[in-house]
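Below is one structure, written out as structure tokens; the observations come after it.
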Amino acid sequence: MSFRTWRWCVAAALLAAMGLGLIGCWQQAAVDSRFRTEFGCTEYERTFLGAGAWRFQGCGHEVTYVCAGGENNTGVTCIQQQPATAGGAARPAPPSNEPVRVRLEGTTVDGQPAVRFVVEPVDAVLEFAPARSTETVHVTQTQEGCDYFSVSQEGVTAGSLAGIDLIELSALQPSATVFVQACGTHLTLTDAEREELDRFVAHALRLRRDARR
């Protein structure tokens, strides 16, 4: 944590008795570190947008992160809300031999932070928004006539188009293959895609905990 951030945290601590400041302080330290590491940029402007969202502008880049967690300076996760830009252009994805099939997105719903897991091959979006529910992951499926959706492992199936219980999703075994099925499409997640799903679940659990404080 930089000296400037430390001073900000000390000032925030004075507001802790009113329930203000400390969580945002820890989030600021985490999101500052992420932006500096991700873009190699040390000269930037940071704006707190509320609902865990932070906008950064610097070194030709502009990006917004949505953060969750931060109690006791631990457990902060920050997800990009919108693509970074360089000179007005979208930041290119890292080179890969494989097409991008899933992605993680931060967003807000009714003024509160939320997180999405987008699964391109089955045209599905999993969204956890505490403003809507602190127990259920909402599922949106855009294929016309589709009436089936699930996330599963061998012997275990969770969810439907009506939604997925967050606790069921968090109980998926870390060493077992995960399948996403919808409308006759059967998708096996790669190790990298499974890591993105795990990040989605971890961020959702922190949002759930924050909402219940």
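Within the range 97-107, the set of residues being in a loop (DSSP other than H, G, I, E, B) and not acidic (Asp, Glu) comprises ASN97, PRO99, VAL100, ARG101. Whether a residue is touching a Ser or Thr at 6+ places or on another chain (Cβ under 8 Å), touching a residue at least 12 places away in the same chain (Cβ under 8 Å), under 15 Å from ALA182 (Cα atoms) and buried (at least 16 other Cβ atoms within 10 Å of the Cβ) was assessed, and VAL122 passes this test. Remark: ALA176 falls outside the filter, which requires a residue to be under 18 Å from LEU104 (Cβ atoms) and among the small types (Gly, Ala, Ser).
Restricting attention to the range 90-107, report how many residues are at pLDDT below 85 and either surrounded by 11 or more Cβ atoms within 10 Å (Cβ to Cβ) or among the aliphatic types (A, V, I, L, M) (or both). Write out each step before concluding.
Going through the range 90-107, the residues at pLDDT below 85 turn out to be 90-100.
Filter again for either surrounded by 11 or more Cβ atoms within 10 Å (Cβ to Cβ) or among the aliphatic types (A, V, I, L, M) (or both), leaving 90-91, 93, 100.
Of the residues in the range 90-107, 4 are at pLDDT below 85 and either surrounded by 11 or more Cβ atoms within 10 Å (Cβ to Cβ) or among the aliphatic types (A, V, I, L, M) (or both).
Among the candidates THR85, THR42, THR77, the residue that is among the β-branched types (Val, Ile, Thr) and either in the same structural domain as GLU127 (by TED's automatic domain parsing) or at pLDDT below 70 (or both) is uniquely THR85.
Looking only at residues of the range 170-182 that are closer than 15 Å to VAL119 by Cα and not β-branched (Val, Ile, Thr), we find that the one that is surrounded by the most Cβ atoms within 10 Å (Cβ to Cβ) is ALA182. Counted as qualifying within the range 108-213 are no strands (runs of 3 or more DSSP E), as none has 3 or more residues that are in contact with a strand residue (DSSP E or B) (Cβ under 7 Å, 6 or more places away or on another chain), hydroxyl-bearing (Ser, Thr, Tyr) and at pLDDT 90 or above.
The values are calculated or read from the model by the stated rules, or taken from the named source; none is laboratory data. This structure is a prediction, so every number in the text was calculated from the model and none was measured. Virtual Cβ from ideal backbone geometry, glycine too; neighbours counted across all protein chains shown.
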